[in-house]
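Everything below concerns the one structure shown next.
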Amino acid sequence: MEKFIDKKLRQVFEDFQREAKRAGGLCECKGLTYEGGKLPKYSSPLVQQHYMLRFFPAYLAEYYLMYKNMLRQEFLAEILKVLSIGCGCGIDFWGLYFALKDSGKNPGKLINYTGVDIIAWQYQDNLGVEKVWFFNQDITQWTKMDERDYNVIVLPKSIGEFSESAFEKVCNIFINTKFSEEKICGLCSLMDKGKESDADRFLKIAKIMQDRHGFTCLDKLDQYWTVTKEKGIRGLCSNFVYPDDILEKVKSSLNECPTFSKNEEPCKDNCGHLNRSPILKTSFINYNMLRFQR
């Protein structure tokens, strides 16, 4: 995983530099703050690249830990049939891949992964696993899930990004799906800002699984996994290493802005939003894992 992070970051940073020159500035990236509940412009290649540089390694570590936790439960059959709602570039798939690999298992034989996202994300990578599909679709247009036999359903940092009406449509998908599996694991990664409302939404989905489909939840509905004492991510995930040279460049992203380089000063007061450190500590780790059985 360490080599994968290093290689992917270097690829993304090179692309980020080229795209910044092509665009002539980094103004689009200043909205990557999540302040006031606003969502970034994910459709922008620059925003996607800046997102990857700031969040991808940390989120990979979180999903890796989340899936390691799931595997330790020994709850599901070996073949993991995953539906990822709001998958982005598929970071949660990478987390599952490395969790299986580090558990001594063959990801290529055990993963059947479907990722859905309304945005066409760059950098999707199946890591050589054959049964991986990414669909650029608006899942709220679905009436039910495309398959009945998913046994892992994951919302990776996405559940809070749906509007109220869109989330109701997601709930209707769960209502209308006739699940064929007797054991299903639901996973939901919660945003640090708004994690309580994210958890409430996941609770609503959990109640649909119980009330509409006859599942019993084996876990406490009102609890989620978090790290009570903040520490460096590597203290929990030894393979998390953010390369020092890329780290310093990301922390001073404004220097990559052609307008700033030309004028030697920012064009707006909020240009400082660009100079933010990638996530390196565990305070953002918040996820819910619920096992459903009938």
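A few comments on the model shown:
- Looking across Phe134, Phe167, one residue alone is of a type in the set (Phe, Trp, Tyr) and either loosely packed, with under 15 Cβ neighbours inside 10 Å or within 27 Å of Lys193 (Cα to Cα) (or both). It is Phe167.
- Conditions (1) in contact (Cβ under 8 Å) with a residue 12 or more places away in the chain; (2) surrounded by fewer than 18 Cβ atoms within 10 Å (Cβ to Cβ); (3) among the hydroxyl-bearing types (Ser, Thr, Tyr); (4) assigned to a helix (DSSP H, G or I): number failed by Ser261: (1)
- The residue list Leu65, Leu46, Leu60, Leu53 contains one member that is under 16 Å from the mean Cα position of the chain (by Cα), aliphatic (A, V, I, L, M), under 16 Å from Glu256 (Cβ atoms) and not in a loop (DSSP other than H, G, I, E, B), which is Leu53.
- Residue count for region 1-38 under the criterion of being farther than 26 Å from Phe93 by Cβ, touching a Leu at 6+ places or on another chain (Cβ under 8 Å) and assigned to a loop (DSSP other than H, G, I, E, B): the result is 1.
- Scan of region 211-231 for residues that are surrounded by fewer than 15 Cβ atoms within 10 Å (Cβ to Cβ) and among the polar types (S, T, N, Q), ordered by number: Thr216, Gln223, Thr228
- Checking each residue in region 264-294 for being of a type in the set (D, E, K, R), in a loop (DSSP other than H, G, I, E, B) and modelled with pLDDT of 75 or more picks out Arg276, Arg294.
- The set of residues in region 76-115 being more than 20 Å from Val47 (Cβ to Cβ) and of a type in the set (A, V, I, L, M) consists of Leu76, Ala77, Ile79, Leu80, Val82, Leu83, Ile85, Leu96, Ala99, Leu100, Leu110, Ile111.
- Lone qualifier among Leu236, Leu187 - being surrounded by 13 or more Cβ atoms within 10 Å (Cβ to Cβ), at pLDDT below 95, under 18 Å from Leu65 (Cβ atoms) and of a type outside the set (Phe, Trp, Tyr): Leu236
- Each residue in region 1-26 was checked for being among the aromatic types (Phe, Trp, Tyr) and surrounded by fewer than 18 Cβ atoms within 10 Å (Cβ to Cβ), and 1 pass.
- Entirely in region 73-178, the helices (runs of 4 or more DSSP H) that have 2 or more residues that are over 18 Å from Phe4 (Cα atoms): 107-110, 164-176
- Flag if Trp142 is under 15 Å from the mean Cα position of the chain (by Cα), at pLDDT 95 or above and not β-branched (Val, Ile, Thr): no
- Region 239-258, residues that are more than 23 Å from the chain's Cα centre (by Cα), in a loop (DSSP other than H, G, I, E, B) and crowded, with 17+ Cβ neighbours inside 10 Å: Cys257
- Condition met for Leu26 (within 30 Å of Arg148 (Cα to Cα) and touching a residue at least 60 places away in the same chain (Cβ under 8 Å)): no
- Among all positions in region 46-69, there is no residue which is surrounded by 22 or more Cβ atoms within 10 Å (Cβ to Cβ), within 29 Å of Lys144 (Cβ to Cβ), touching a residue at least 24 places away in the same chain (Cβ under 8 Å) and in contact with a Cys (Cβ under 7 Å, 6 or more places away or on another chain).
- Candidate set: region 85-111, residues that are touching a Pro at 6+ places or on another chain (Cβ under 6 Å) and touching a residue at least 24 places away in the same chain (Cβ under 8 Å); chosen: the one surrounded by the fewest Cβ atoms within 10 Å (Cβ to Cβ): Leu100
The values are calculated or read from the model by the stated rules, or taken from the named source; none is laboratory data. The shown structure was predicted, so the numbers you read here are calculated from the model rather than taken from an experiment. A quick note on method: Cβ atoms are made from the backbone with ideal geometry, for glycine too, and the neighbour counts reach across all protein chains shown.
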